[in-house]
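What follows is a single structure, written as structure tokens, with notes after it.
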Amino acid sequence: MYASRVGDGYPIVYLHGWGCDGGIFAPVVKLLPDYANIVFDLSGFGNSSPPPASGWGVTDYAQCLYAAVRRLQLQRFTIVAHSFGCRVAMVFAATYPQYVDGMIFVAPAGLRKFSLTRQCKVLLYKVRKRLAKAGLCQLRACGSDDYRNCTPALKNTFVKVINRDLSRYARKVRCPVLIVNGDADTATPLRHAARLRRLIKNCALVQISGDHFAFFRTPNAFAQTIRNFVE
């Protein structure tokens, strides 16, 4: 897994969201030169090779992060994660708590409740897929924008990641966690962040104005939040 480093000092590990790469954090890390900012491209994004065609789940990504942390000889650090990166961070912190001093989650994903509507849509899609293979109908584009925009190599990974509920990992997290969520975020709504806050033992939730990427539009505020949290 590819990693870049900016600055020197106490290490901060950055994990990006789905469809992005570590470059999304560039405006923030340049404002924190007194920290060792370790910015990862998660497997399948940026400069990192994709997972196998069979697909990876979140635990596979966490294991990959563990191998990278060992390779870089990191001891203890803070994690800053966005969206999909929060899934990886949550599993990693629950599995390897000895490495993580604290985490900042921006627009976190990872919780999933049973939805009869969603199950019906999945069933309908499977039926249409069988009919399309038999030449009895045309298969229309289905799924979220993230799924439709996936490269073929990442489609199985996306399905495995998105369908996994990480509640049991959230309950195992013991380090301090700060959640930042936009009030107009439709990808990971505020109610999801509030539910995650209740599951994590030592967790605070801050609401800001904006959408799923709101914090990235104010890098100075983002950098100051990281500095305040770490210090």
Quick one: in segment 72-88, which of the residues that are assigned to a helix (DSSP H, G or I) and touching a strand residue (DSSP E or B) at 6+ places or on another chain (Cβ under 6 Å) is surrounded by the fewest Cβ atoms within 10 Å (Cβ to Cβ)?
-> 88
Taking segment 168-210 as the region of interest, how many residues are surrounded by 14 or more Cβ atoms within 10 Å (Cβ to Cβ), modelled with pLDDT of 95 or more and assigned to a loop (DSSP other than H, G, I, E, B)?
-> 6
Of (1) out of contact with any Phe, Trp or Tyr (no Cβ under 6 Å at 6 or more places or on another chain); (2) under 20 Å from residue 90 (Cα atoms), residue 11 fails just (1)
When residues of segment 48-64 are filtered for being closer than 13 Å to residue 153 by Cα and in contact (Cβ under 8 Å) with a residue 60 or more places away in the chain, how many remain?
-> 6
With respect to residue 97, is the statement that it is closer than 17 Å to residue 173 by Cα, modelled with pLDDT of 95 or more and in contact with a Cys (Cβ under 6 Å, 6 or more places away or on another chain) true?
-> no
Does segment 27-43 include one or more residues that are among the β-branched types (Val, Ile, Thr), buried (at least 18 other Cβ atoms within 10 Å of the Cβ), in contact with a Pro (Cβ under 6 Å, 6 or more places away or on another chain) and in a strand (DSSP E or B)?
-> yes
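To keep it simple, each residue is scored yes or no on (1) in contact with a Cys (Cβ under 8 Å, 6 or more places away or on another chain); (2) at pLDDT 95 or above; (3) among the hydrophobic types (A, V, I, L, M, F, W, C).
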{"site": "88", "(1), (2), (3)": "no, yes, yes"}
{"site": "91", "(1), (2), (3)": "no, yes, yes"}
{"site": "108", "(1), (2), (3)": "yes, yes, no"}
{"site": "111", "(1), (2), (3)": "no, no, yes"}
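The values are calculated or read from the model by the stated rules, or taken from the named source; none is laboratory data. Every value quoted in this text rests on a predicted model; they were computed, and no experiment measured them. Neighbour counts run over all protein chains shown; Cβ positions are idealised from the backbone, glycine included.
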